[in-house]
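S.K.: Let me give you the structure first, and then I'll get to my questions.
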Amino acid sequence: MNVPFNRIKATWPMVEALTKSLGSSVGFEPALSHWSGDGPYTQLVLEKLSGLIPDSMLLMTTSASQALEMAVALSGIGPGDEVILPSYTYASCANAILSVGATPVFAAVTPETLCLDPNSVERLLSPKVKAVMPVHYGGVPADLGALMALCQAHELTLIEDAAQAIGSTWHGRALGSIGDFGAISFHDTKNLTSGEGGLLLVNASKQAKWDQAQIYHQKGTDRLQFLKGQRDRYEWVGPGVSASPSELLMALLSPQLDDLEAINGRRRAIVRRYEAVLGATSVPEILSFTKDDPSGNGHLFFVRFRASAVAGAFMAFMQSRGIDVRTHYQPLHASPHGRAFRCDPALFSGLDSDLGKCVVRLPLSQHLEDSEIDYVCEVLKDALIHSHTGL
Ligand SMILES: Cc1ncc(COP(=O)(O)O)c(C=O)c1O
């Protein structure tokens, strides 16, 4: 049997919504004919998201990468400033910091969760540091209690990279809505997807930033006021970007939001299956693996090996049995472009620098069949118990 790493599927409600959004050109409901951004499906998606994330003001974007860039720009960070982020993350986090001329500073992650380590952040603080950007890896909350305390004590902006965390919470509050800004992704590797897509979250207490964000999002114009009938035309009033996703993408996303609980529930059930197999064996070569977290969204399942050679042998074994497993981020501090930026080598052991080759992710999607998950568990047991991989 072949099991893909991820599976995306169009459901009938998605096809129906997409057809409606195509509108008059295919003979359906001309009133909905609107292909650019900020139309009725964007409105519908925002209404559904507001129910889920009541503590934030929300803007749809074409990606989480773009939402992160907007968050950094709206924070007022610029040349000469520094932002602390985990080294173990996607390049988009560092690119967002570079996009305003600021400098990324790489911190370590905690071994269990692979989320930003607050102790590492504390050691990197300096007067130049203006913000901290934790990543909620796998949709599991980073240590927000400690990170918020640090940000408050040092008057730093907190930008949550919740790219993988749609539907995850921290003490009942949606991830992404707790710091000053947050970013969520709807890329097709995520729990909900419009192919490409993202969401910028602005904390509800930041009214002035919100006013600025709405203009920035509309290419630096007061077009929103024009659309509300408050202006007879719109004009350029500040800096901005073109960030609204097409209505066609929002039509794909909208029905999925109705199923979010079921989707995340199914993913968490798969996480528990894998966790049970890993938990039943004691393999010294495995340092940690994903644990089901009731506040998480079952975004991914990782197994972290002590040595890259064993991780490689494990991957080869799984792949030889038709199971598509993947590594994850090459740590930024050890990447060709990342080596130029500030990084305290004492924070990173050889293990941290090798993380990209030592973390292996198992197949995970709400669309994987029970028979496929059974098969992955069987092969996983085979790999762990029968030492086929040198474990
Ligand atoms: C932690 C993290 N941040 C940001 C992104 C970028 O998301 P997008 O593809 O929506 O730009 C990703 C993508 O996987 C990610 O894993």
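The values are calculated or read from the model by the stated rules, or taken from the named source; none is laboratory data. What you are looking at is a predicted structure, and each value in this text was computed from that prediction instead of being measured. Cβ coordinates were reconstructed from backbone atoms using ideal geometry, including for glycine residues, and neighbour counts include every protein chain displayed. Surface areas here come from the heavy atoms of the whole protein model, side chains and all, with no ligands, DNA or RNA. Shrake-Rupley method; radii C 1.70, N 1.55, O 1.52, S 1.80 Å.
S.K.: Where does each of 227-235, 334-342 land if you order them by average Cβ count within 10 Å, highest first?
M.R.: 334-342, 227-235
S.K.: What whole-number value in Å² describes the accessible area per residue of the chain for a 1.4 Å probe?
M.R.: Counting only protein heavy atoms, the per-residue value for the chain is 42 Å².
S.K.: Moving on. Counting pairs of alpha carbon atoms under 8 Å apart in space and at least six apart in sequence, what relative contact order in percent does the range 12-258 give?
M.R.: 25 percent
S.K.: Indicate, rounded to the nearest 5 percent, the antiparallel portion of the DSSP beta bridges found entirely in the chain.
M.R.: That works out to approximately 60 percent antiparallel.
S.K.: On a 1.4 Å probe surface of the protein chains, which of W170, W236 comes out largest in accessible area, and what is the full order?
M.R.: Final ranking, largest accessible area leading: W236, W170.
S.K.: Carbon-plus-sulfur fraction of the accessible area of the range 260-385, 1.4 Å probe, in percent?
M.R.: The computed percentage sits at 53.
S.K.: Using a 1.4 angstrom probe on the protein heavy atoms only, could you order T19, T61, T189 from most to least accessible area? Present the calculation step by step, with values, prior to reporting the outcome.
M.R.: Working: T19 40, T61 0, T189 65 Å².
Output order, biggest surface exposure first: T189, T19, T61.
S.K.: Would you mind telling me the share, in percent, of accessible area of the range 158-248 contributed by carbon and sulfur at probe 1.4 angstrom?
M.R.: Numbers: 1940 of 3840 Å².
Here carbon and sulfur together make up 51 percent of the probe-accessible area.
S.K.: For K291, go through the aspartates and glutamates and keep the ones whose alpha-carbon is under 12 Å away, minus same-chain ones fewer than eight residues off.
M.R.: Here the aspartates and glutamates satisfying the reach criterion relative to K291 are E112, E275.
S.K.: Right, next: Give or take rounding to whole Å, what are the principal axis extents of the alpha carbon atoms in the chain, in descending order?
M.R.: Taking max minus min along each principal axis of the Cα atoms, the chain gives 73, 57, 36 Å.
S.K.: Which of the lysines could be linked to K9 by a straight reach, that is with a Cα gap under 22 Å, when you skip same-chain ones fewer than 8 residues away?
M.R.: K20, K48, K190
S.K.: Show which lysines lie in cross-link reach of K128 when reach means a straight Cα distance below 27 angstrom and same-chain residues fewer than eight apart are skipped.
M.R.: Leaving aside lysines fewer than 8 places away in the same chain, those within reach of K128 are K206, K209.
S.K.: I'd like the GluC sites (Glu not before Pro) in the range 147-222 restricted to DSSP loop residues with at most 12 other Cβ atoms within 10 Å, sorted by number.
M.R.: Sites meeting the loop and neighbour criteria: E155.
S.K.: Take the Cα of A340, step 7 Å along the line toward its Cβ, and report every residue of the range 87-120 whose backbone nitrogen sits under 15 Å from that point.
M.R.: Residues 94-105 qualify, since their backbone N sits under 15 Å from the label point.
S.K.: Right, here's the next one. List every residue whose amide H lies under 5 Å from the amide H of V129, counting only residues 5 or more places away in sequence or on a different chain, with H placed 1.01 Å from N in the peptide plane.
M.R.: For V129, the qualifying residues are E82.
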